[in-house]
């Protein structure tokens, strides 16, 4: 728990023809973190021979799947797949899908053009004239939409710019709703037949309509195009129907094969990390020490003397696998997210399980906000998926709100009110139920002292952990950590004794002496240059004052909200009820915003005190995460002989 | 020559403590913020770590706030 899982480095070597089977075994077992082997004596590893075919089929399956209408993945049962390449090559719907896709594209274009033509034609269907009967090579036809009031002006324009013309006028075909909505004078549609091709450039009092060429009356053309449109839509629907047919038949198997082939592709690629000779392959990696024997036995049982597993003992830094109780999972996530500890150092997750929530609780310290933040956290957890940053932080907020509630009750803070004030507001009764342990506003000096003591203990714990960690590696550094601790304790007593006269007359001189001894040790064991770092202990401890400052700042803001926005109940009139409801909503919204701000600030400052002030005393964080070569299956079972489960469906069912 | 004395001087000092801290913090966070935006453009997964760095200079303001609170306490006494 307090240390990462112990790792065993190992080397596996074997005959090249056993390589694919070994890779499959390692993939299914999933306990080996494989490292890249690079050696001048060995050939560089290359992917397994069928990698090209696997990746080609994988891309094919993905493109077929994306071309088909999606189906519910949760309804796809898992299958056992022995030969995904053969199964994938038997699916031959690529040409049909391509044809359907191109036909659909053409149909969509035609439908879009027809819909546009229909929209234009729909405006002139009231014109009873068949344009084709007026066909003359010298005549040009223009359709205008004219405001009824502008008709006279429009005629004058025609007179002045066209020597010969004829007009056919009909009301525009807007729906009554459109006419009512526009609240404008009714529009007219005017068909002008003239010999002047430039007429539209002279007309400013009307809008020219772009009407496609048609035969017969506009209404006949409209009906003809409508019929054509419905035919095309029918064709499109039939293609969609065919796609659905193909999807119901092929989507599940494409999904299954996509997973099976991506597993195969991973197996093919991993061989690039191996080293090779003409007949042998070599691979190196780490597995948890507790699983080494089981892995070695399994390999020797399956491959007899064709593959060997050899433990290695060198000083290379192994990957880090943290192991903590499930309750500490979000804090482990935070530890790994900030910087993974190296495999030999202390895992601070369990300490942060307590320190982050306690510091958060001390900063928020409001029972009302604690309850709101619990609700916020649960909502955020429901909105985000497990393993997501937001989900894990919400879990931290949830745990921390318990401490915020406890400190809120102890400090008698309920959304900026005291419990007595709150009871008076809600029930009208006077009197208090208990005396608060501390008032953060009135006992500010005591609060500052408490935060400094918390800081001193937290930082002292950091030095002590540093001492314990270094004790196993470097005695000199371990003693240096003790000297830092002595300098810190001595400094605290010196300041308390000389400046505040605390702990009796001997405290000051004794503290100063201890501090000097500590500084001397630092100079000897770490170097004189590190003496310049000694004042940073004071600034680190002072940094914990933020617990008081952020907390009191939040409390004052909550009180200001109560002072300015607390609604006054007046149920005598409907207006009074409305004003009360509105102001109550506004008041609650202000408190929700304040609570969200407190949650964010308290988490950031609580985490920062751990990461910067506390971790800085012992933590290196230069590790890298254990990433075993493992397989995640949803739609497939491992093939028989690869730890297959009893219940499985056979490939031939597909 | 005494320019300010009594509660007025304490009140001005309390105000200056917060104002100075706020200006200093804003100045520091402006530089850090623009640098963080640059990093986030390339490594968005570092967001949380960077927010912690953003909180570093807030200590200046928080100490100013604490000092002003102590001064106000002295003023009331």
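A few remarks follow.
- If you go through region A:61-102 and keep only what is in a loop (DSSP other than H, G, I, E, B), surrounded by 11 or more Cβ atoms within 10 Å (Cβ to Cβ) and more than 32 Å from the chain's Cα centre (by Cα), you end up with A:81, A:82, A:83, A:91, A:93.
- Out of A:368, A:408, sole residue that is buried (at least 21 other Cβ atoms within 10 Å of the Cβ), more than 14 Å from chain B (Cβ to nearest Cβ), more than 30 Å from residue A:534 (Cβ to Cβ) and in contact with a strand residue (DSSP E or B) (Cβ under 8 Å, 6 or more places away or on another chain): A:408
- Some residue of region A:32-52 being in a helix (DSSP H, G or I) and closer than 20 Å to residue A:272 by Cβ: yes
Conditions (1) in contact (Cβ under 8 Å) with a residue 12 or more places away in the chain; (2) closer than 17 Å to residue A:601 by Cβ, marked per residue:
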residue	(1), (2)
A:361	yes, yes
A:378	yes, no
A:384	no, no
A:403	yes, yes
A:408	yes, yes
A:413	yes, yes
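- Boolean, residue A:158 is part of a helix (DSSP H, G or I), in contact with a helix residue (DSSP H, G or I) (Cβ under 8 Å, 6 or more places away or on another chain) and over 30 Å from residue A:255 (Cβ atoms): yes
- Pair list, Cβ < 7 Å and 6+ apart or interchain, from region A:305-319 residues that are more than 12 Å from residue A:287 (Cβ to Cβ) to residues that are assigned to a loop (DSSP other than H, G, I, E, B): A:317/A:342; A:317/A:343
- Qualifying residue in region A:82-102 (condition: touching a strand residue (DSSP E or B) at 6+ places or on another chain (Cβ under 7 Å), more than 18 Å from residue A:24 (Cβ to Cβ) and touching a residue at least 12 places away in the same chain (Cβ under 8 Å)): no
- Residue in region A:380-391 that is under 22 Å from residue A:591 (Cβ atoms), assigned to a helix (DSSP H, G or I) and in contact with a strand residue (DSSP E or B) (Cβ under 9 Å, 6 or more places away or on another chain) present: no
- Going through (1) at pLDDT 90 or above; (2) under 30 Å from residue A:100 (Cβ atoms); (3) surrounded by 14 or more Cβ atoms within 10 Å (Cβ to Cβ) one by one, residue A:25 falls short only on (2).
- Any hit, region A:259-267, residues being more than 18 Å from residue A:629 (Cβ to Cβ) and in contact (Cβ under 8 Å) with a residue 40 or more places away in the chain: no
- Subset of region A:599-618 (residues that are away from chain B (no Cβ under 14 Å) and surrounded by 22 or more Cβ atoms within 10 Å (Cβ to Cβ)): A:617
- Of all the listed residues (A:433, A:438, A:447, A:461), the sole one being modelled with pLDDT under 95 and either out of contact with any helix residue (DSSP H, G or I) (no Cβ under 8 Å at 6 or more places or on another chain) or within 14 Å of chain B (Cβ to nearest Cβ) (or both) is A:447.
- Filtered residues of region A:59-99 (kept if touching a helix residue (DSSP H, G or I) at 6+ places or on another chain (Cβ under 7 Å) and under 18 Å from residue A:638 (Cα atoms)): A:76, A:79, A:80, A:81, A:82, A:84, A:85, A:87, A:88
- Residue in region A:376-396 that is at pLDDT 90 or above, closer than 22 Å to residue A:546 by Cβ and within 14 Å of chain B (Cβ to nearest Cβ) present: yes
- Which numbered condition residue A:57 misses (of (1) farther than 22 Å from residue A:266 by Cα; (2) part of a helix (DSSP H, G or I); (3) touching a residue at least 60 places away in the same chain (Cβ under 8 Å)): (1)
- Out of A:457, A:441, A:469, A:452, one residue alone is within 17 Å of residue A:542 (Cα to Cα), within 40 Å of the chain's Cα centre (by Cα) and in contact (Cβ under 8 Å) with a residue 40 or more places away in the chain. It is A:452.
- Residue in region B:25-39 that is surrounded by 13 or more Cβ atoms within 10 Å (Cβ to Cβ) and under 22 Å from residue A:444 (Cβ atoms) present: yes
- Restricting A:555, A:590 to those that are in a helix (DSSP H, G or I), surrounded by 16 or more Cβ atoms within 10 Å (Cβ to Cβ) and within 14 Å of chain B (Cβ to nearest Cβ) reduces the list to A:555.
- Unique match (being away from every other protein chain (no Cβ under 14 Å) and out of contact with any helix residue (DSSP H, G or I) (no Cβ under 9 Å at 6 or more places or on another chain)) among B:30, B:26, B:11, B:19: B:30
- Residues in region A:575-607 that are free of Cβ contacts under 8 Å to residues at least 60 places away in the same chain and under 25 Å from the mean Cα position of the chain (by Cα): A:593, A:597, A:600, A:604.
- Hits in region A:496-518 (condition: in a helix (DSSP H, G or I) and more than 23 Å from residue A:467 (Cβ to Cβ)): A:496, A:497, A:498, A:499, A:500, A:507, A:508, A:509
- Of all positions in region A:522-545, none carries a residue that is within 29 Å of the chain's Cα centre (by Cα) and either modelled with pLDDT under 90 or within 14 Å of chain B (Cβ to nearest Cβ) (or both).
- Single residue of A:329, A:343 found to be touching a residue at least 12 places away in the same chain (Cβ under 8 Å), in a helix (DSSP H, G or I) and more than 14 Å from chain B (Cβ to nearest Cβ): A:329
- Residue tally, condition over 16 Å from residue B:13 (Cβ atoms), assigned to a helix (DSSP H, G or I) and either more than 10 Å from chain A (Cβ to nearest Cβ) or free of Cβ contacts under 8 Å to residues at least 40 places away in the same chain (or both), over region B:34-77: 24
The values are calculated or read from the model by the stated rules, or taken from the named source; none is laboratory data. Every value quoted in this text rests on a predicted model; they were computed, and no experiment measured them. A quick note on method: Cβ atoms are made from the backbone with ideal geometry, for glycine too, and the neighbour counts reach across all protein chains shown.
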